[in-house]
1. For the range 8-51, enumerate the residues that are in a loop (DSSP other than H, G, I, E, B), within 13 Å of ligand 2 (Cβ to nearest atom) and of a type in the set (Gly, Ala, Ser).
2. Being away from ligand 1 (no atom under 15 Å from the Cβ), crowded, with 17+ Cβ neighbours inside 10 Å and closer than 15 Å to residue 34 by Cα: is that true of residue 115 here?
3. Which one is farthest from the chain's Cα centre (by Cα) among residues in the range 25-44 that are closer than 18 Å to residue 68 by Cα, open to solvent by 10 Å² or more (accessible area, probe 1.4 Å) and within 15 Å of ligand 1 (Cβ to nearest atom)?
4. Which of (1) open to solvent by 50 Å² or more (accessible area, probe 1.4 Å); (2) in contact (Cβ under 8 Å) with a residue 60 or more places away in the chain is the odd one out, the single condition residue 17 does not satisfy?
5. Could you say whether any residue in the range 518-539 is among the hydrophobic types (A, V, I, L, M, F, W, C) and within 17 Å of residue 439 (Cβ to Cβ)?
6. Out of (1) among the basic types (Lys, Arg); (2) surrounded by fewer than 19 Cβ atoms within 10 Å (Cβ to Cβ); (3) within 27 Å of residue 188 (Cα to Cα), what's the single condition that is false for residue 70?
7. Mind listing whichever residues of the range 52-86 are more than 15 Å from ligand 2 (Cβ to nearest atom) and charged (D, E, K, R)?
8. If I go through the range 181-212 residue by residue, how many of them are more than 16 Å from ligand 1 (Cβ to nearest atom) and part of a loop (DSSP other than H, G, I, E, B)?
Amino acid sequence: MIVVALDGPSGSGKSSTSKNIAIRAGWSYLDTGALYRAITFIALSIKSDNANEIIAAVIDAPITFNSDPRDPKVFVGSTNVSEEIRSQEVTEKVSIISALPQVRAELLTLQRSIIAKADRGIVVEGRDIGTVVCPDAALKIYLTAEISARAARRDAEQDGAAGGVDAVAQSLSTRDEIDTNRTISPLSMATDAVHIDSTELTLDETVERIWELLSQRSLLGLPIVAILGRPNVGKSTLINRFIGRREAIVEDTPGVTRDRVQYECEWGGRRFIIMDTGGWESKPDGISVQVSASAELAMGEADVLCFVVDAQVGALDEDDVLVQELRKVKKPTILVANKVDGDNDESDAHALWNIGLGEPHFVSALHGRGSGDLLDSITKLLPEVGAAQVQDGYRRIALIGRPNVGKSSLLNALAGENRSIVDDVAGTTRDPVDELIEFGGSIWRFVDTAGLKKRANQASGTDYYATLRTQTALERCECAVVILDASVPISEQDLRVITMVEEAGKAMVIVMNKWDLVDDDRRTQLDKEIERHLDQVEWAQIVNVAAKTGWHRDRLAPALRTAIDSWERRVPTSKLNSFLGALIGATPPPVRGGKQPKVYYATQAGIAPPKFVVFSSGWIEASYRRFIERRLREEFKFPGTPVQVAIRVKERDKEA
Ligand SMILES: Nc1ncnc2c1ncn2[C@@H]1O[C@H](COP(=O)(O)OP(=O)(O)OP(=O)(O)O)[C@@H](O)[C@H]1O
Ligand SMILES: Nc1ccn([C@H]2C[C@H](O)[C@@H](COP(=O)(O)O)O2)c(=O)n1
C-alpha cells in the first residue's frame, strides 16, 4: 500500500491537492487536521483544556473519519461534525489543543489505524505526516506558499467573511508560529521530502507536479492485462512476443503454465503487467483444478482481459463457457484469434465474431503477424492507474565501478554488517543484489553490481552478462554511486563507467574510496586528475570515503538526497523564461550566414533528469546550447544530475 505524506502550513493547498490526487489515483484520503479540529471541538464542548478530560471525552464519543476523497467526513460518536470543526472558534483554538502531548499521542494511534485500513494507497495531509506519523511514506511532499498567497486564497474562499486578507494573514501566521515552534511533532519538512512552493502555481499545476513524481517513481500501480484462454491456444507464445524475449514457458503439452506469472511490458510509452494464466477448463480435474482457479483469480485482479482462441480450431463449447465467465467480471475484454498465419487463415477466423466479444484481433503469436496492432488496442484500454504495485518508494541506488574498487565493502559499511561477500579477488560480486539499507535517516534500495571490466562490446562470457546486468541495474536506478579507487590513478574504465551513467541520464555521486591509502602526494596528483578527466561531470558531487573503516560514510546520504532532488527538480516556466530573456539580451546567439537566430522561449519538457527545450527561429550552434546549459546550471543549480538541453527550430507564429 502506498502512502503519500503531504505536509505544510495552513492554506498552502494541502487538502485540495490531496483530494485531487487521491480521486485521480483511486486511493483513500486522510485530513489529519480534521482530526485535530474534531478533538478541539470536543474540548470546546466540555469547556476544558485538560488533556486527560479531553481524552476521556474522546473515549466516550470516538472520532472517526470517512476517507473517501470525494466525500470526506469526520464524526464525533455518531455525529457528523465536518462543518462545525471549521468554525472560527475551533480554528482559533486548534493549534493550542494540538500542541498537548497526550492529544498528539491519542491521535497518532488513530491516524495510523485509519491509514492501515486503506486499500491500495492513501494521501495523508497534515503537519507531521512525513516526520512522525508515516516516516516510511513512499512519497513525501512539503507544500508551502507565501503567506500573502495563502491569505488571499482563504479570504476568497470565505468571501471576505473572515475579516479581509490582512486579518486572515494575521491569523495564519499566528497558527504557523504555534505549529512550527511547539516542542512535540512541530511542522517541519522531512529530510527526504520534495518541497513544492505553490505561490505561483494553480491547483492543477500543483496536482500535476505531484502526479509527475508519482509516475516517475512508479508509485502509481501499473495496469494488469490477463491473458486467458483454454490450454494450448498459444498464450505463452503471445506473451513472449509481447515482452520480446522467450521467458514465458512454451511447450506443446497443454497446461504447462501452472500459475499466474507476471511480466513487465512496454508499448508506445505505456508500461503494464502481462499476467500469464495457466489455461482455463470448464470441468477441471487434477492439477487443472488449481490452474482454472488461478485463471479465475487473474480475471478478478486484472484491469484488461485478453481472451485467446485458437483460430485454427475455432470456438469450442469450452470457450463459450469461459466467455460467460468473462462477461460476469465486466472488464474491458479483447478477443484474440491466434494462429492466424496468413490471409486465408484470417478469412476462416472471421467466424469468431460469433463468440460475442466483438471484433476478433487476428494474430500469429509465433510469427508476429498482427501483434503490434493488438498491443495498440490493448494500450488504448489501459486505465491510468492499475492494480499492480511494482515499487515501494525506496530510492533506488546502483553501486557501480570497475572491479575491486570497494563496492561491496561500501555496501557493508553502509549496512553496518557484512551482507555481500567481500573478497580481494577482482570481480567477486557477480549478480546485482537488491538490499534495503537504512542509513542517514532513510531506507534506500541498494543494488550492488558486478565490477565492469571492459567495454560492453568487448566483454565475453561471464563479463558480458555482468555488464548487461549492470546496465539493467543502471536503468532501474534513480541515482548511481560510481566508486573509484582514490589510491590509484583514474583509469579509462572509470571514465567509461561515469559516461555510462551520464548517458543513462541518472543522478550521480562519485565516491573516492580507499581514502585511508591516500597520502599527500597522491592527493595532489588526484586533484590534477579530477581537473583533467572529470570536467565533463563537474556537476557530480565527490565524496571521499574509506569504506573499510567506515570513515565519512555518513556523507553519502546528504549527497544522494541532493543529487536525487536535482534530478527530479522542475523549474517554474515563468522563472525559466525570465532567466532566458535576460541571458539572450546580454549574449545573443551567434550570427550564422548573416542571420541571427531568434530565441523565442523555453520549457521544461521533463524531469529525471531535467530536460529543457529551447525554441528558436533557426539553427543554433552546439557551443551556444552548451552555454545555455552552463548558465542554466549556474542560475538554478542542479548538483548531482545531468541536464539535457535541446533546441527546436520553430516556424515564426504568423500572428506574433
Ligand atoms: N496551488 C494553488 N493555487 C491556487 N489556489 C489554491 C492552490 N491550492 C489550493 N488553492 C486554494 O486555496 C485554498 C486553501 O487550500 P486548502 O484548503 O487545500 O489548504 P490547506 O493547506 O489544506 O489548509 P489547511 O491546513 O488550513 O486545511 C482553497 O480554496 C484552494 O482551492
Ligand atoms: N498532522 C497535523 C494536522 C493538523 N495539526 C494541527 C495544526 C493546525 O493548525 C490544526 C488544523 O489543521 P488544518 O485543518 O488547518 O489542516 O491542526 C497538527 O498539529 N498536526
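The values are calculated or read from the model by the stated rules, or taken from the named source; none is laboratory data. Predicted model only: the values in this text are computed from it and were never measured. So basically every Cβ, Gly included, is an ideal-geometry build from the backbone, and we count neighbours across all protein chains shown. Please note that ligands, DNA and RNA were not included when accessible areas were found on the heavy atoms of the full protein model with its side chains. Shrake-Rupley method; radii C 1.70, N 1.55, O 1.52, S 1.80 Å.
1. Result: 8, 10, 11, 12, 13.
2. yes
3. The residue in question is 33.
4. Only one criterion in (1) open to solvent by 50 Å² or more (accessible area, probe 1.4 Å); (2) in contact (Cβ under 8 Å) with a residue 60 or more places away in the chain is unmet by residue 17, namely (1).
5. No, that holds for no residue.
6. (3)
7. 53, 60, 68, 70, 71
8. Residues that pass the stated criteria total 5.
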